[in-house]
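S.K.: Encoded as structure tokens, here's the structure I'll be asking about.
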Amino acid sequence: MLQRFLDPSVLAGISGLDLVAKTVVDGFISGLHRSPDFGFSQEFAEYRAYSPGDDLRHVDWNVFARSEKMFLKRYRGETNCQVSVLLDASRSMKYGSRGMEKMEYAKFLAASICYLAHLQRDAAGLIVFDSEVRQFVPPSTRQGQIMRLLHGIDQAQTGAETVLEKPFAHLVDYLRRRGVVVAISDFWEQPEAVIKTVGPLRSRGNELILFHVLDPQEIQPKLRGPMLLEDLESGAKMEVSPDYATHEYKGKMSAHLEDMKSRAAGANIDYFLVDTSRPLDEALRQYLAIRAGRL
């Protein structure tokens with residue numbers, strides 16, 4: 001039953017991104033409460049994890065005695081963290097082989113992360129980008145912020161090519177304190193260039209999470225015959241045979257993904273490959289684990 005509420009094909013039939021986010025997160029949290037290995041409890045909404053430098057007077061030592069984990073009691077209106085979500089709306093995100101575009105899946109993921117941040121009373125913000133920054137919602141905890149974020153995500157339309165430098169430069173300009181930066185993109189760029197662009201945010205003390213959203217056919221294409229493929233951003237065309245897709249392309253894609261993963265790890269950046277045919281819970285678990293400082 002839980003998986004049904006996290007299945008992207010089911011979510012596509014729900015009207016309203018706010019209802020999608022609530023459905024995903026409520027189902028996800030319900031599953032975590034029943035999970036014996038994740039250690040998720042009501043503390044999610046009432047406590048925040050201890051960070052070096054926090055006042056030890058606010059530590060709940062009863063929780064520490066039970067779990068050996070340090071949590072600070074949270075107070076109404078307290079902002080735990082600043083969360084910035086960067087959503088790639090470039091033309092390549094329009095691709096989808098199973099009735100769901102990468103862009104739609106990325107919107108579901110972005111909305112769910114924003115909704116989780118809202119529940120945690122985090123100051124969440126949003127940047128939608130392609131070759132330029134198309135939308136910007138500054139991080140805030142003020143009333144109505146979650147609806148501003150969801151509206152910004154819902155209104156995002158695929159446009160031009162990807163230029164990662166623009167949104168990350170914009171982010172550097174307005175970030176006044178460290179926080180969590182979540183980038184959701186198909187990252188059709190050389191891994192070295194991606195990490196070089198996003199790395200400075202990590203070196204400034206931010207937690208950086210890259211969600212690499214790809215369609216199953218991009219990861220492991222299955223062709224019945226020769227096909228003429230077109231790059232959605234450049235317009236370049238290439239005739240591809242089933243043999244090329246099965247062998248040469250598969251090897252190149254595996255090397256690309258491994259390069260992304262290893263370069264991110266080397267820069268102390270959290271990286272997670274997201275297959276659009278998969279339910280959202282794996283990506284949300286990754287986000288929450290990083291957010292809680294468990295990785």
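S.K.: Say we look at region 55-79 and pick out the residues that are among the hydrophobic types (A, V, I, L, M, F, W, C) and touching a helix residue (DSSP H, G or I) at 6+ places or on another chain (Cβ under 6 Å); which of these is modelled with the highest pLDDT? Lay out the reasoning, then the answer.
M.R.: Looking only at region 55-79, we keep the residues that are among the hydrophobic types (A, V, I, L, M, F, W, C), and these are 56, 59, 61, 63-65, 70-72.
Imposing the further condition that a residue be touching a helix residue (DSSP H, G or I) at 6+ places or on another chain (Cβ under 6 Å) reduces the set to 70-72.
Numbers: 70: 76, 71: 72, 72: 70.
Filtering region 55-79 for residues that are among the hydrophobic types (A, V, I, L, M, F, W, C) and touching a helix residue (DSSP H, G or I) at 6+ places or on another chain (Cβ under 6 Å), the one modelled with the highest pLDDT comes out as 70.
S.K.: While we're here: Just to be sure, is residue 203 small (Gly, Ala, Ser) and within 27 Å of residue 98 (Cβ to Cβ)?
M.R.: On the way: small (Gly, Ala, Ser): yes; within 27 Å of residue 98 (Cβ to Cβ): no.
Taking the combined requirement at face value, the residue does not satisfy it.
S.K.: Search region 180-205 for residues being in a loop (DSSP other than H, G, I, E, B) and at pLDDT 90 or above, and hand back the single one that is surrounded by the most Cβ atoms within 10 Å (Cβ to Cβ). Let's see the steps before the verdict.
M.R.: Filtering region 180-205 down to residues in a loop (DSSP other than H, G, I, E, B) leaves 186-190, 204-205.
Checking the rest, the ones that are also at pLDDT 90 or above come to 186-190.
Numbers: 186: 22, 187: 25, 188: 20, 189: 15, 190: 13.
Top of the filtered list is 187.
S.K.: Restricting to region 150-168, give me the number of residues that are part of a loop (DSSP other than H, G, I, E, B) and among the aliphatic types (A, V, I, L, M).
M.R.: Filtering region 150-168 down to residues part of a loop (DSSP other than H, G, I, E, B) leaves 155-164.
Next, only the ones that are among the aliphatic types (A, V, I, L, M) stay: 156, 160, 163-164.
Selection size over region 150-168: 4.
S.K.: May I ask you to list the residues in region 279-295 that are assigned to a helix (DSSP H, G or I), in contact with a strand residue (DSSP E or B) (Cβ under 9 Å, 6 or more places away or on another chain), at pLDDT 75 or above and surrounded by 19 or more Cβ atoms within 10 Å (Cβ to Cβ)?
M.R.: Result: 283, 287.
S.K.: Hey, can you tell me all the residues within region 210-219 that are modelled with pLDDT under 95 and either of a type in the set (A, V, I, L, M) or exposed (fewer than 14 other Cβ atoms within 10 Å of the Cβ) (or both)?
M.R.: Listed by number, the list holds a single entry, 219.
S.K.: OK, next. Considering each of 118, 170 in turn, give the residue that is over 24 Å from residue 28 (Cα atoms) and out of contact with any Asp or Glu (no Cβ under 9 Å at 6 or more places or on another chain).
M.R.: Only one candidate passes the filter, namely 170.
The values are calculated or read from the model by the stated rules, or taken from the named source; none is laboratory data. All values derive from a computational prediction rather than experimental measurement. So basically every Cβ, Gly included, is an ideal-geometry build from the backbone, and we count neighbours across all protein chains shown.
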